[in-house]
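Read-outs: derived from the displayed coordinates by stated rules, not from any lab. Here the structure is a predicted model, which is why all the values come from computation and not from measurement. Cβ sites come from the backbone with ideal geometry, for glycine too, and all protein chains shown count toward neighbours.
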């Protein structure tokens, strides 16, 4: 409970500090309604991928999903190619939009199932498996698209998901929050959440206790893949085309968001609300760097340095050096527990 509260408090403080810094540096324009709406519309696609990374990390055993952005791009490309060959995006916009969303989600689910089956049935190390499928998904997207951008167009329903507002809030951001809330509820109130966290905490004990290890792993990567498919839909909705190499830095950012959120790389702990706050913090940082006129390469350098810093802090637990006695006393009666809220 202390860890959970401390992580949440730290992220709230970071977000508040970034908002204040942005307001001071920009003379107040950073907090303008237009800029806030712009940041909110850019956040969902990377936020969805970060939740997928969190779920895979919680499964333990070096679990991680490196194929997220590759699968998101593949989902968009496959959906655009298949649906465009059957339905016109201009003559029947509603049917095209609904079909595009359905095919993209199914493609994401299929890719996630492939990851889950390879990891659970063939006992392939998750990081190696998803690295391999990442390259496979990218290669398949290149083959399907011919290496070119595939035009999606701007059919009303699909375009509104990426560009329109509800009460001043981007629809894509509302979708992201609803999906995050649904996953948080599943982790908190369903047996799946308990199985996932205990599997990540002690896989051997979970297996001996009769937990459905194979089913949990397949479900976890299937959900992660579906989130990638949804991210692919939002990417397509915000752009007029989809391409196999969109968001080349998204993998690093998604992992950084999960690590900043306090998700343990060794598994067994993760909280969705912290991932959401971490994603917001990264988006605020990115916009702040834009206000400073820094290039994308400098931002990538900053993300990499931040990732290493948070991994080091999490690995060595600097609070233990500051108050070792308090740490020892708090750990003496502790038992492994996690929450997905």
Region 89-130 and region 162-241 have their Cα centres apart by a whole-number Å value of 13
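Multiply the residue separation of residue 165 and residue 122 by 0.36 nm, subtract the distance between their alpha-carbon atoms, and state the gained length in nm to one decimal.
Contour length minus the Cα-Cα distance gives 11.0 nm.
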Only helical DSSP H runs with n ≥ 4 go in: add -39500 (n - 2.57) per run for the chain, normalise by residue count and round the 222 nm mean residue ellipticity to 500 deg cm²/dmol.
-25000 deg cm²/dmol
Per the rule of 0.36 nm per residue minus the C-alpha distance, extending residue 82 to residue 266 adds in nm 62.3 nm
To two decimal places, what compactness ratio does region 1-65 give when its Cα radius of gyration is scaled by 2.2 N^0.38 Å?
1.48
D (Stokes-Einstein, µm²/s), Kirkwood Cα radius, the chain, 0.890 mPa s at 25 °C:
119
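Counting other beta carbons within 10 Å of each Cβ, put 172, 89 in order, fewest first. Could you put the intermediate results ahead of the total?
Details: 172 29, 89 22.
Going from sparsest to densest Cβ surroundings: 89, 172.
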Using a cut-off of under 18 Å, list every residue of region 120-137 whose amide N is near the label point 7 Å from the Cα of residue 248 along the Cα-to-beta-carbon line.
134-137
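Full-extension gain between residue 38 and residue 289, please, as 0.36 nm times their residue separation minus the C-alpha to C-alpha distance.
Details: separation 251, 0.36 × 251 = 90.36 nm, distance 1.48 nm.
Full-extension gain reported as 88.9 nm.
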Efficiency of FRET from Cβ geometry, residue 113 and residue 90, R₀ 45 Å, rounded to 0.05
0.85
For region 204-310, rounded, prolate or oblate, judged on the Cα gyration tensor with a ≥ b ≥ c (square roots of eigenvalues), a/c < 1.5 rounded, else prolate if a/b > b/c?
oblate
Please compute the modelled spin-label separation between residue 21 and residue 302, points set 7 Å along Cα→Cβ, answer in nm with one decimal.
0.7
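Going by how many other Cβ atoms sit within 10 Å of their own, how do 91, 164 line up, fewest first?
91, 164
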